[in-house]
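First comes the structure, then the notes that go with it.
The values are calculated or read from the model by the stated rules, or taken from the named source; none is laboratory data. Keep in mind that what you see is a predicted model, and the values were worked out from it rather than measured. With ideal geometry, Cβ positions are generated from the backbone for all residues, glycine too; neighbour counts draw on all protein chains shown. Side chains included, ligands, DNA and RNA excluded: accessible areas come from the protein's heavy atoms. Shrake-Rupley method; radii C 1.70, N 1.55, O 1.52, S 1.80 Å.
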Amino acid sequence: MRQIIIGNWKMNGSNALVAEIAPAVLAEAAQLAADLVLCPPATLIAPLAVALAGQVKVGGQDCHAQEAGAHTGDIAAGMLREAGASYVILGHSERRADHGETDAEVRAKIEAARAAGLTPIVCVGEDEAARAEGAAETVVLGQLARSLPEDFVAPPGGLVAYEPVWAIGSGRTPTAGDIAAMHGAIRAALRARFGAGGARVAILYGGSVKPANAARVLALPEVGGALVGGASLIAGDFLAIARAATLGSAAGTG
Ligand code: PGA
């Protein structure tokens, strides 16, 4: 399976960044063995989608659970779709922390995204205290069980991103063994719940993925790609990570 490298710009970026990154990504995308997706802030989805001309997909970073209505400041999944998105990140730990998003809300958003034809990228991950207590797997599998809807593997499908909260933006990453163990546990849970469809869901790793560690992370079993924050704002770094995915796939470990 081709690996997928997703850039999460968070609340960063500008028209100038779109003008800088889009041509750099387009110049390489066709030669890469990995698929790329860029998730800019909502205001940049349309210009980025235009600049990438369908060659590289674009995603949102959140959507509301309702199709429309009196929800000032929120954005519906159908609006992201109309702006040019085909993916949406949901349940990111920064949304859970900043906006108190619960697993039930994440599930409702996943359902809304799927209904609009968007592929959700569902983020799960333990905080540092849970990791220290040995409860990381319980936390992550619990988040997954509560947030994934029954039809998650039916078209347009969905991705899971394992992002330990303590690894995001910190420069720290779990050991290779810890990443492999968590991805294996997630795969087992997806298979148990969704059968053959659960075996095909891509499980991405996220949290301080950089050019220096990308090849090591992407070569691990059950790592189907990466969700990249900070390094996705620098074209050279994002593409270096994507090239590491190419090597991982070529080695048959993707
Ligand atoms: P980071 O962010 O790569 O800057 O750690 C990852 C994420 O939050 O998706």
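Measuring nothing but how far apart in sequence close Cα pairs (under 8 Å, 6+ apart) lie, relative to its length, segment 1-132 scores a relative contact order of 21 percent. Using the 1.4 Å probe convention, the accessible area of segment 95-254 works out to 38 Å² per residue with neighbouring protein chains retained.
Of all the options ALA27, ALA70, ALA226, the one that moves most in a Gaussian network model of the chain with Cα springs shorter than 10 angstrom is ALA70. The GluC sites (Glu not before Pro) of segment 67-101 that DSSP puts in a loop, and whose beta carbon has at most 15 other beta carbons within 10 Å, are GLU67. Near HIS64: Cβ cut-off under 9 Å, other residues only, Lys/Arg at +1 and Asp/Glu at -1. The net charge is -2.
First compute the accessible area of the chain with a 1.4 Å probe, then give the percent of it belonging to carbon and sulfur atoms. Carbon plus sulfur share of accessible area: 56 percent. Remark: relative contact order (the chain) = 21 percent; criterion is Cα-Cα distance under 8 angstrom and separation of 6 or more residues.
Highest mean packing comes first when the peptides 104-111, 186-193 are listed by Cβ atoms within 10 Å, giving 104-111, 186-193. Among DSSP beta bridges lying fully in the chain, give the percent that are antiparallel, nearest 5. If we restrict to bridges inside the chain, about 0 percent are antiparallel. For the pair ALA27 and ALA154, a Förster radius of 45 Å applied to the C-beta separation gives a FRET efficiency near 0.80, rounded to the nearest 0.05.
Spacing of the modelled spin labels on ALA53 and ALA196, each 7 Å from Cα toward Cβ, amounts to 3.9 nm. Near ALA145: Cβ cut-off under 11 Å, other residues only, Lys/Arg at +1 and Asp/Glu at -1. The net charge is +2.
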